[in-house]
Amino acid sequence: MKSLYNKFISFINTIQGKIAFYPTLFSIIGFSFAMTMLYLEKEGISAFVLEHIPQLVINNADTAKTLLSFLTGGIISIMVFSFSMVMVLLNQASSNFSPRVLPGLISNRNHQFVLGIYLATILYNTFTLVGINPQENDKYQLPGFSVLIGIILTVVCLGAFLYFIHSISQSIQVNNILDTIYKKAKTRLEYLLEKESEIPPNFPDSSDWKSYYSSETGYFQNIAVANLVSICKEEDIQLKILPIQGLFVLEGVPIIQVSKDIKDELVKKILSNFNFAKGEFVEDNYALAFKQITEIGMKAMSPGINDPGTAISTIDYLTELFAMRLKKNDQTIITSGEASLIAVSTTNFKELVYQVMVSYRTYCKHDLSCIQKLFIMFKYLLIQEAHLPEYHDVLLAEAKLLYEDTQKSITNSTDLRRIEALYQKLLK
């Protein structure tokens, strides 16, 4: 049951990132609401409203049909325009920033809600239109109250359209994209820091432990921690999870090491608590935020765009994230009481800084404004409290590499003196 539950949760997390998820859900709600209103019409709800508030009910079949047809056609036009805007947004974001930011834009729930409201209203109006079947001998001839609800929903669609135009014009701005990525990574880092103890527990050497292999292929998202802890306690074992979270895992590669030999049934039970996906999400892997922000900065420095201002903005956001990462330990150990049960492989600080800086050193070493900003970043990080003293050594080593590269790329003597002064400040 736990395995099925974990797979169900993984499935829900995956489909929530799809652009059609919430529109489909709203469509089902719209259809169900239309069926409910048709049932209430048979029970006489419109006759009741007509008797007490006649001003709110349209009691002319031709007027109702014309009005609903006009409103439905207008909403379809708005919806087509909105979907077109989404496609333009995704294409522009992919071209100007990075294809990696697309999942975050596609999964924007506010935009999905707006598209869902359109579809729900179209379905509601359509089935209400079908329900208009006047009978000449009856005083009340059509579902007038349902028509009123359709008009109200159409007004809601107009309001949603205005919000959509405002929101989509904001979401394509690079500062908002960077801020969204930063906030997701910050939330994830804060969560990890809260769960991390001040003194990391010891974990035994696993070099001689037996390895077991992955039965799936995909991006390693997360694990069901509570289930794995329970398994470790029941079976009296310890686990080391080999792939780094967010890494693409291939079927048949080592994925765990266990402190003693276990049966195939237990291996399957353990692996059922690993969640894989076909895409990467910052919510599950904060290191992806460093990669996305870096790629946006590199795209900005490409000859076709040549936007140092955006590259400088990316350095600002990276500075904040690195400052938070300084507080985190390189090793994650999951414990129960005083027992260390699970060791989780994580991206170490040295590798994280190197992967970011190698891109900036390659593409920004000729631009003095970016170089100055990078040295300011190093200066700020060096005065921050670090969880491990080696972190500051890593920063100084990367600053030295940056200094050496700029000495080879910049020929202006004034610029070189300025860079020399910035570098010397780091050494004091």
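The values are calculated or read from the model by the stated rules, or taken from the named source; none is laboratory data. Just so we're clear, the structure is a prediction, and the values are computed from it rather than from any experiment. Cβ sites come from the backbone with ideal geometry, for glycine too, and all protein chains shown count toward neighbours. Protein only, heavy atoms only, side chains kept; ligands, DNA and RNA dropped before computing areas. Shrake-Rupley method; radii C 1.70, N 1.55, O 1.52, S 1.80 Å.
So if we plug the beta-carbon distance of residue 208 and residue 278 into 1/(1 + (r/R0)^6) with R0 = 45 Å, what FRET efficiency do we get, rounded to 0.05?
Values: r = 35 Å, r/R0 = 0.77.
Here the calculated transfer efficiency is 0.80.
In the stretch 356-428, the portion of solvent-accessible area held by carbon and sulfur atoms comes to 52 percent [1.4 Å probe, whole percent, DNA, RNA and ligands not counted]. Per-residue accessible area (protein heavy atoms, 1.4 Å probe) orders 264, 284 as 264, 284, starting from the largest.
Protection proxy ranking, highest mean first, for peptides 110-118, 266-274: 110-118, 266-274, where packing is the per-residue count of other beta-carbon atoms within 10 Å, averaged. Just to confirm a number: summing +1 for Lys and Arg and -1 for Asp and Glu over residues other than residue 173 whose beta-carbon lies under 14 angstrom from that of residue 173, what do you get? In short, -2. Using heavy atoms of the protein chains and a probe of 1.4 Å, the accessible area assigned to residue 29 is about 100 Å².
Stokes-Einstein at 20 °C, 1.002 mPa s, Kirkwood radius from Cα pairs: D for the stretch 186-282 in µm² s⁻¹? Each step should come with its number before you reach the end.
Working: Rh = 14.6 Å.
It comes out at roughly 146 µm²/s.
Please compare each pair in 269/327; 195/428; 186/210; 350/373 to a cut-off of 30 Å on the Cα-Cα distance and tell me which ones are over it.
Exceeds cut-off: 269/327; 195/428; 186/210.
Each 10 Å bin from zero up to the one holding the largest Cα-Cα distance in the stretch 348-428 carries the following percent of pairs: 18, 54, 24, 3.
For the stretch 245-377, the Kirkwood estimate of hydrodynamic radius, built from reciprocal distances between every pair of different alpha carbons, is 17.6 Å. Measuring only protein heavy atoms, the 1.4 Å probe finds residue 324 accessible over about 20 Å².
A 1.4 Å probe, protein heavy atoms only, puts the accessible area of residue 405 near 40 Å². Annotation: amide H of residue 335 within the under-5 Å range of 341, sequence separation 5 or more or interchain, hydrogens built in the peptide plane.
Once the other residues with Cβ under 15 Å from the Cβ of residue 392 are scored (Lys, Arg +1; Asp, Glu -1), what is the net sum? Can you show the working numbers first?
On the way: positive: 325, 327, 328, 350, 379, 400, 425, 428; negative: 330, 385, 390, 393, 398.
Every neighbour counted, the sum reads +3.
Leaving ligands, DNA and RNA out of it, rank 172, 244 by accessible area with a 1.4 Å probe, largest first. Display every interim value, and only then the final one.
Working: 172 35, 244 60 Å².
Sorted by accessible area, descending: 244, 172.
The largest accessible area among 278, 425 belongs to the first residue in 278, 425, and the rest follow in falling order (1.4 Å probe, all chains).
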